[in-house]
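Below is one structure, written out as structure tokens; comments come after it.
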Amino acid sequence: MSEELSLNINIKEPKWDQGTFMGRAKHFFTVTDPRNVLLSSETLEEAKVITENYRAGITKPGLTEDELWRAKYIYDSAFHPDTGEKMFVIGRMSAQVPVNMSVTGCMLTFYRTTPAVVFWQWVNQSFNAVVNYTNRSGDAPMTVNQLGAAYVSATTGAVVTALGLKSLASRLPPIASRFVPFAAVAAANCINIPFMRQRELKFGIPVMDEHGNRLGESPNAAKQAIMQVVVSRIGMAVPAMAIPPVIMNALEKKAFMKRFPILNAPVQVGLVGLCLVFATPLCCALFPQKSSMSVSGLEENLQERIREISPNTTTVYFNKGL
């Protein structure tokens with residue numbers, strides 16, 4: 001008869017050391033695994049029950065440590081860390097590779113005409129808006145009006161940026177126009193993410209002490225969190241949108257590509273997908289998911305409150321979002 005699983009395994013934290021880049025990379029390779037998108041609702045709910053029961057001190061008979069960690073990562077891939085609600089499927093980080101490779105591949109393929117630029121930038125920013133909202137930090141909901149205004153502002157800004165860059169690139173060498181989608185996406189991330197998370201900038205995100213006790217909400221922490229996410233997202237786009245154009249520029253001069261131009265889009269999508277499989281988790285790992293900042297960097301009123309209720313706390317922690 002197998003021994004009962006120990007209740008001392010800390011599944012509130014990732015399996016690997018998040019103080020190192022390698023530990024964070026292993027964590028995000030698991031969280032962003034595209035195969036998680038294919039898991040059934042029954043599997044997700046079972047993982048949720050196993051994870052929540054274990055945290056409450058209840059173990060499923062016969063459960064092994066490997067099965068526990070597998071359930072924890074299935075749970076993390078589908079449920080929001082702050083609200084606990086099941087996330088919309090295309091907003092999950094595990095959907096980043098399959099959805100992004102299709103959208104990005106099409107952006108890189110159909111970049112020559114204005115209607116194509118507008119359409120694919122709109123599709124991409126609509127997808128980004130869903131991802132940014134789904135992976136926001138904190139547990140305060142956005143109203144429909146706030147969400148709609150943020151979506152329209154972010155998407156309009158992204159499309160206008162793309163068209164402006166396209167116009168500029170028309171006066172540059174042909175290879176330069178291939179990088180218009182990347183430049184537009186990089187600029188759009190600086191617009192889309194803050195707009196979709198503007199409530200956090202206004203009201204703040206929850207900050208905790210080292211034991212997970214909630215100390216208040218901080219807009220300064222939100223600024224740091226959003227800046228880190230913007231950098232990660234732009235980094236994520238670099239390999240997927242900078243490497244394939246160079247390869248495709250060379251391939252399109254080959255006889256077989258001239259003979260079968262229909263292969264352009266599938267080859268481009270495949271190249272983007274290959275880049276994203278590695279770029280997505282590695283760029284998510286640039287900063288710890290559980291980010292931190294000094295109490296002295298918080299707002300004055302929150303500093304005073306923390307000094308009153310937790311005088312020994314010098315560093316606070318918060319979920320930066322993804």
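We did not get these values from a lab; they are worked out from the coordinates using the rules stated. Remember, predicted model here, so these are calculated numbers, not experimental data. Cβ: placed from backbone, ideal geometry, glycine included. Neighbour counts: every protein chain shown.
Protection proxy ranking of 283-295, 194-206, by the mean of other Cβ atoms within 10 Å over each peptide's residues and highest first, is 194-206, 283-295.
The calculated 222 nm mean residue ellipticity attributable to helices in the chain amounts to -20000 deg cm²/dmol, summing -39500 (n - 2.57) over DSSP H runs of n ≥ 4 and dividing by all residues. Taking every Cα-Cα distance in region 221-302 and sorting them into 10 Å bins starting at zero, the pair-distance distribution P(r) comes out as 16, 32, 21, 15, 9, 5, 1 percent.
Using a cutoff of 8 angstrom between alpha carbon atoms and counting only pairs six or more residues apart, the relative contact order for the chain works out to 20 percent.
Starting from the alpha-carbon convex hull of the chain, give the projected area averaged over all orientations, in nm². Display every interim value, and only then the final one.
Numbers: hull surface 79.4 nm².
The orientation-averaged projected area of the Cα hull of the chain comes to 19.9 nm².
What length, rounded to one decimal in nm, is gained on full extension from F21 through to N301, with 0.36 nm per residue of separation minus their alpha-carbon distance?
Details: separation 280, 0.36 × 280 = 100.80 nm, distance 3.39 nm.
That pair, F21 and N301, stretches by 97.4 nm at full extension.
Using the Cα centre as the reference, give the magnitude of the dipole from point charges on the C-beta atoms of the chain (Lys, Arg: +1; Asp, Glu: -1; all else neutral), rounded to the nearest 20 debye. Before the final figure, lay out each step's value.
On the way: 31 positive and 25 negative charges, 361 e Å.
Magnitude of the dipole: close to 1740 debye.
Relative contact order, whole percent, for region 1-160 stands at 22, derived from Cα pairs under 8 Å and 6 or more residues apart. Across region 21-86, the relative contact order, built from alpha-carbon pairs under 8 Å that are at least six residues apart, equals 38 percent. Taking all pairs of distinct Cα atoms, average 1/r, flip it, and tell me the Kirkwood hydrodynamic radius of region 21-86 in Å to one decimal place. Answer for region 21-86: a Kirkwood hydrodynamic radius of 12.4 Å. For the chain, with the dipole built from +1 on Lys and Arg beta-carbon atoms and -1 on Asp and Glu ones, taken about the Cα centre, which of G157, F88, I193 lies farthest toward the positive end? After comparing all options, I get G157.
Placing dummy labels 7 Å off each Cα toward the beta-carbon, the span from T114 to S41 is 4.5 nm.
How much length, in nm to one decimal, is gained on full extension between E308 and L168, taken as 0.36 nm per residue of separation minus their Cα-Cα distance? Walk me through the intermediate numbers first.
On the way: separation 140, 0.36 × 140 = 50.40 nm, distance 5.56 nm.
In short, 44.8 nm is gained.
Taking 19 Å as the cut-off for C-alpha to C-alpha distance, list the pairs among K223/K290; K12/K202; K12/K72; K12/K320; K12/K290 that go past it. With Cα atoms farther than 19 Å apart: K12/K202.
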